[in-house]
Amino acid sequence: MFSSPNRVASYLTAVLCAAGTQLAEAQTNAVPDPQWGSWHIGTVILPGGPKHWGGYAEVQARANGLFRQYFYTELKGGVSYDLAKNFTFMVAGGRYATSDYRDLSNGPLNVEKRLWEQVTFTHYSARLKIEHRYRVEQRWFSFRDDITPGGSYRYRNRIRYRLNGFLPLNHPTVTNKTVFLSVYDEVFFNTRGPFFERNRVYGGAGYQFDPHWTVQAGWVNQANFTPASYRQHVFTPQTTATKNNLVLSVMYRINRRNGEVPAASTCLRSRTNQVWGSNNSEMEALLAQPYPAALHGVVKRRAHYQANKVAVGRQSAT
């Protein structure tokens, strides 16, 4: 059923990653930062309900060192619409402020207001959940003292693609009390140059406590590419600035109230009623899970129910 979207996603992934790899190899004059930074991320998600609408909000703070020299903040949020159970469209925006950590009292060096459109497509390969995220951004900048630095612009567009994988370790899917691994690579392209602007590689581990709370800790390497320039008779070659960062994130997932459950859970309700009966608290807790976890739980519980039924029948026969 989803073979065509899978082929399209795989093709786009191969093209983008190949282009990014070739351009990255062309970069010279690498400048690695020996000091680790830190990123802190807090996210709230409202999953799509029976009418497919959902929401998202996030705050970030980043530091030049480990838990010190904070210089960057993000505040963002958006509205999502589930086109299918594994295909979501989002429109969102945010405010991004960059400061000099040595001179915070004078305010940000620049503030960016950003609008973006995003499509997320997910699929499974055995236990591995694979997520493809495509994003187009419109970016407006304002600078301290209203002075635009050389080589900067007040408006820019950007295209991003992220390939993310999630692997649960102690359950078939990521559900309550699940330890999981997460890795991703994200590439950034813009139309003004350099075309290949940035690359992020992440690896980490996470734990989902319950239907609401999930935490992750990991490492991200960010590489920023600066194009070659010639100003005032001075030639500056292409440079690559890289930095390792510790990432700590927490996510809160809002469960819908007033009888609202995700559409995928609704289709399982008739099956679960056969096992538990209606208005059962255990059933409601299961249906609050994402669709793959709910489906796995229903199948497992129904098999257990059938086994018990057969055992009781044998005892009655003897």
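Couple of notes before you dig in:
- Exactly one residue out of Val136, Val111, Val201, Val187 is over 21 Å from the mean Cα position of the chain (by Cα), under 25 Å from Thr226 (Cβ atoms), part of a strand (DSSP E or B) and aliphatic (A, V, I, L, M): that is Val111.
- All told, Arg156 falls short of being within 21 Å of the chain's Cα centre (by Cα), of a type in the set (Lys, Arg) and closer than 21 Å to Leu115 by Cα.
- Any hit, the range 21-40, residues being modelled with pLDDT of 90 or more, open to solvent by 30 Å² or more (accessible area, probe 1.4 Å) and of a type in the set (Ser, Thr, Tyr): no
- Every condition in (1) open to solvent by less than 50 Å² (accessible area, probe 1.4 Å); (2) in contact (Cβ under 8 Å) with a residue 60 or more places away in the chain holds for Gln118 except the one numbered (2).
- Verdict on Phe166 being over 23 Å from His40 (Cα atoms) and in a strand (DSSP E or B): no
- Scanning the range 188-238 for residues that are buried (at least 17 other Cβ atoms within 10 Å of the Cβ), at pLDDT below 95 and β-branched (Val, Ile, Thr) yields a single hit, Thr226.
- Remark: pairs (first residue in the range 141-162, at pLDDT 80 or above; second residue among the β-branched types (Val, Ile, Thr) and surrounded by 14 or more Cβ atoms within 10 Å (Cβ to Cβ); Cβ separation under 6 Å; 6+ apart in sequence or on different chains) = Ser142/Val111; Tyr161/Val187.
- Scanning the range 162-212 for residues that are of a type in the set (A, V, I, L, M, F, W, C) and closer than 28 Å to Glu117 by Cβ gives Leu163, Phe166, Val174, Val183, Val187, Phe188, Phe189, Phe195, Phe196, Val201.
- Restricting the range 60-108 to residues that are outside any strand (DSSP E or B) and touching a residue at least 60 places away in the same chain (Cβ under 8 Å), the residue that is nearest to Phe143 (Cα to Cα) is Leu66.
- Within the range 208-228, tally of residues that are within 12 Å of Leu181 (Cα to Cα) and small (Gly, Ala, Ser): 2
- Test: residue in the range 124-132 that is at pLDDT 95 or above, within 30 Å of Ala97 (Cα to Cα) and either open to solvent by less than 60 Å² (accessible area, probe 1.4 Å) or of a type in the set (A, V, I, L, M, F, W, C) (or both): yes
- In the set (1) modelled with pLDDT of 95 or more; (2) of a type in the set (D, E, K, R); (3) within 30 Å of Ala241 (Cβ to Cβ), the condition left unmet by Arg102 is number (1).
- Residue match in the range 121-130 (condition: among the small types (Gly, Ala, Ser) and over 28 Å from Gln69 (Cα atoms)): yes
The values are calculated or read from the model by the stated rules, or taken from the named source; none is laboratory data. Everything numeric in this text was worked out from a predicted model, so none of it was measured. Please note: Cβ atoms are built from the backbone with ideal geometry, for glycine as well, and neighbour counts cover all protein chains shown. Surface accessibility is based on the protein's heavy atoms, side chains included, excluding ligands, DNA and RNA. Shrake-Rupley method; radii C 1.70, N 1.55, O 1.52, S 1.80 Å.
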